[in-house]
Amino acid sequence: MAQKTNIPPRLISTLRDDLAHGGFFANFRREAREIEEFYLTQDEREILQKKMRLWRWAFVGWWILKNSILKLTPLRRILLVIGLVLALTDVSIKSNGSQVMLQYRVVGVFCLLLVIVLELKDKLLAHSELESGRAVQRAMNPESDPFVPGWNVWLFTRSANEVGGDLVDFLRLDGGRFGVAIGDVAGKGLGAALFMVKIQSTIRALAPEFDSLSDLASKLNSILMRDGIPGKFASLMFVRIDSSAGRVRFVNAGHMPPLIVSRSGLSELPKGNAALGLSADTQFAERDVTLETGQSLFIYSDGLTEARNEQGEFYGLERLKSLCRDCSLISAQSFGERVVQSVSLFEGNARRHDDLTLAILQKSA
């Protein structure tokens, strides 16, 4: 049987599908908020708070236009200004009584379309490169439910953009031991993603060689201080599981304090040391905790508690703790899926501002 060839999408049918999809006004409001967040500076936002509502729209429109022009390359900036001037010019020229008339507006619209096409070309190229980077990240991600004797382990990560700066990894070590790494690189975008890949590869190389987790964190910190990106740092929670017991050892370098979830209640572990890449003199302390059957160690990135809804409210630690108490009797996978679902429902149509990463280590019978 002959294989079907890929048929390119048709414009009319695509537009029809867009209209049938619905949610136009909700998407428009979200896009408008994102445009304002991207183009307006903090000083301009503060000035807007002092303006009357009628004048506020005029200032927003002018600042967005001005700042968008300034972000263009010189050629595109000139084309855009020429296009705007000509498109708003109501003048036509008749040559020697001929019926053919040169409309300034047509030339102006052509200039504007040319700028749009050039900008779209750059966006598609960048998107293609980011998709390739995302494919590399997906290839390095561990399976969501790795097998550990005596434990139920569930791992999850979700990027806010095409590539993420969060780290989740699972390592099989000697002697029936396993390692779980959860990290969060400061910032977003390609720079954070590249820094995360460097941290992940370094951990994979160092973890089998170090029995002491404090020494492991110190060595990793010294490497990042020597070879890291200036101004970049990262939090890290590295856990080593002993499959023959309920004891886990961990080191926390600036990460969110994990939670211990059990039928009897909820407790929060102490805060850790400073993040990696901040200071060469940082000392890292190794700690341990013993989990009874049914208890879970819940590790998360700040993208969970700092998730925001359309009103700008944060998901918050108290909402998370309340949800964890309700999930104390279910499996690690069901626990994690309920958390992810709760955060998604809370965010609604709001734009995601940060990556979300979870690790749930549950002691089984």
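State yes or no: is residue 237 in a helix (DSSP H, G or I) and either of a type in the set (A, V, I, L, M, F, W, C) or within 14 Å of residue 355 (Cβ to Cβ) (or both)? Judged against the criteria, residue 237 is not a match. Within region 35-45, the only residue that satisfies the criterion of being surrounded by 10 or more Cβ atoms within 10 Å (Cβ to Cβ), acidic (Asp, Glu) and over 16 Å from residue 71 (Cα atoms) is 44. The strands (runs of 3 or more DSSP E) found wholly in region 271-365 and carrying at least 3 residues that are touching a Ser or Thr at 6+ places or on another chain (Cβ under 9 Å) and of a type in the set (A, V, I, L, M) occupy 356-363. Which residues, taken from region 46-57, are assigned to a helix (DSSP H, G or I), surrounded by fewer than 11 Cβ atoms within 10 Å (Cβ to Cβ) and either at pLDDT below 75 or more than 29 Å from the chain's Cα centre (by Cα) (or both)? Hits for region 46-57 are 53, 54.
Checking each residue in region 291-305 for being exposed (fewer than 15 other Cβ atoms within 10 Å of the Cβ) and either within 17 Å of residue 339 (Cβ to Cβ) or among the acidic types (Asp, Glu) (or both) picks out only 292. Scanning region 136-173 for residues that are acidic (Asp, Glu), in contact with a helix residue (DSSP H, G or I) (Cβ under 7 Å, 6 or more places away or on another chain) and part of a loop (DSSP other than H, G, I, E, B) gives 145, 162.
Restricting attention to region 182-199, the residues that are crowded, with 22+ Cβ neighbours inside 10 Å and either β-branched (Val, Ile, Thr) or at pLDDT 90 or above (or both) add up to 5. Mind checking which pairs have a first residue in region 128-139 that is free of Cβ contacts under 8 Å to residues at least 12 places away in the same chain and a second that is outside any helix (DSSP H, G or I), Cβ under 8 Å, 6 or more apart or different chains? Sorted first by the residue in region 128-139, then by its partner, the list stays empty.
The values are calculated or read from the model by the stated rules, or taken from the named source; none is laboratory data. What you see is a predicted model, and the numbers here were worked out from it, not measured in a lab. Ideal geometry is used to build each Cβ from the backbone, glycine not excepted, and the neighbour counts take in all protein chains shown.
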